[in-house]
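In what follows, a single structure is set out as structure tokens and then discussed.
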Amino acid sequence: MLSIYNIYMKLKQYKKIKLGITILIAMVFSQALVLRNFIAPLIVLIAAYLVLLALRRRVDEVIADERDYNNGGRAAMLAVQIYSWLATIAMIIFYSFADRNPAYGPIAMTLAYSTCLLMLIYSLIFRYYGQMKFSDKKIWYILFVLLLFLASFIFSARLFSGEDDWRCVNGAWQPHGQPNFPAPQTQCQ
């Protein structure tokens, strides 16, 4: 009996399926954002990843070799460096104009923190692959990274909790907590 798990595919077929799934993801993302549904894209992204992972195992040709991984590592390092420089320059520009438009301050801080987080994650992964690959400290390293992500999650949950924000109450903007920015200029409904 022939099952789907025994069928192997060529690399060309896999690439066509991957392109189709990418187009499907783009369509779902665009429609979900228009409809203000933020859960559907996440579900579709996870499902697409799992489908592609299962299909990748069925490819009977070489998908990538050492040269591809070497080029990918150099490209990733260069991408991190370019993003860090561009984000730092943009952060300085936005922060310098924060007195003219208060919305520029949070944009500048988001760029600064995202750049720091990207460089921290890159450094930790680089260190993991470089020195701790076969050491006994691997468990401690993984626990440290998990604690770091847990602390980041708790910090971001507090940051985006809406405690110090403006809420629409009976057609008027009312402060909730101690917001440090003016009420929105949009119509409250």
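The values are calculated or read from the model by the stated rules, or taken from the named source; none is laboratory data. Because the structure is a prediction, the values reported are computed rather than measured. When we count neighbours, we look across all protein chains shown, and the Cβ atoms used for this are built from the backbone with ideal geometry, even at glycine.
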*Is it the case that some residue within the range 51-64 is part of a helix (DSSP H, G or I), under 30 Å from Pro182 (Cβ atoms), of a type outside the set (A, V, I, L, M) and under 23 Å from the mean Cα position of the chain (by Cα)?*
no
*Give the residues of the range 65-75 that are assigned to a loop (DSSP other than H, G, I, E, B) and either surrounded by 13 or more Cβ atoms within 10 Å (Cβ to Cβ) or of a type in the set (S, T, N, Q) (or both), sorted by residue number.*
none
*With respect to Ser84, determine if the residue is of a type in the set (Gly, Ala, Ser), surrounded by 11 or more Cβ atoms within 10 Å (Cβ to Cβ), in contact (Cβ under 8 Å) with a residue 12 or more places away in the chain and within 23 Å of Val145 (Cβ to Cβ).*
yes
*Please work out which residue is modelled with the highest pLDDT, limiting yourself to the range 6-40 and to residues that are assigned to a helix (DSSP H, G or I) and in contact with a strand residue (DSSP E or B) (Cβ under 7 Å, 6 or more places away or on another chain).*
Tyr14
_Can you find a residue that is closer than 24 Å to Phe181 by Cα, outside any helix (DSSP H, G or I) and out of contact with any helix residue (DSSP H, G or I) (no Cβ under 7 Å at 6 or more places or on another chain) anywhere in the range 76-94?_
no
*Hey, Ser96 hits all of (1) assigned by TED's automatic domain parsing to the domain that holds Leu111; (2) surrounded by 12 or more Cβ atoms within 10 Å (Cβ to Cβ) but one; which does it fall short on?*
(2)
*Would you check which residues across the range 160-183 are surrounded by fewer than 12 Cβ atoms within 10 Å (Cβ to Cβ) and at pLDDT below 80 and list them?*
Phe160, Ser161, Gly162, Glu163, Gln178, Asn180
*Considering residues of the range 123-142 that are aliphatic (A, V, I, L, M) and modelled with pLDDT of 75 or more only, the residue surrounded by the fewest Cβ atoms within 10 Å (Cβ to Cβ)*: Ile125
_Sole residue being surrounded by 12 or more Cβ atoms within 10 Å (Cβ to Cβ) and either more than 29 Å from Ala26 (Cβ to Cβ) or among the aliphatic types (A, V, I, L, M) (or both), chosen from Val51, Val62_ = Val51
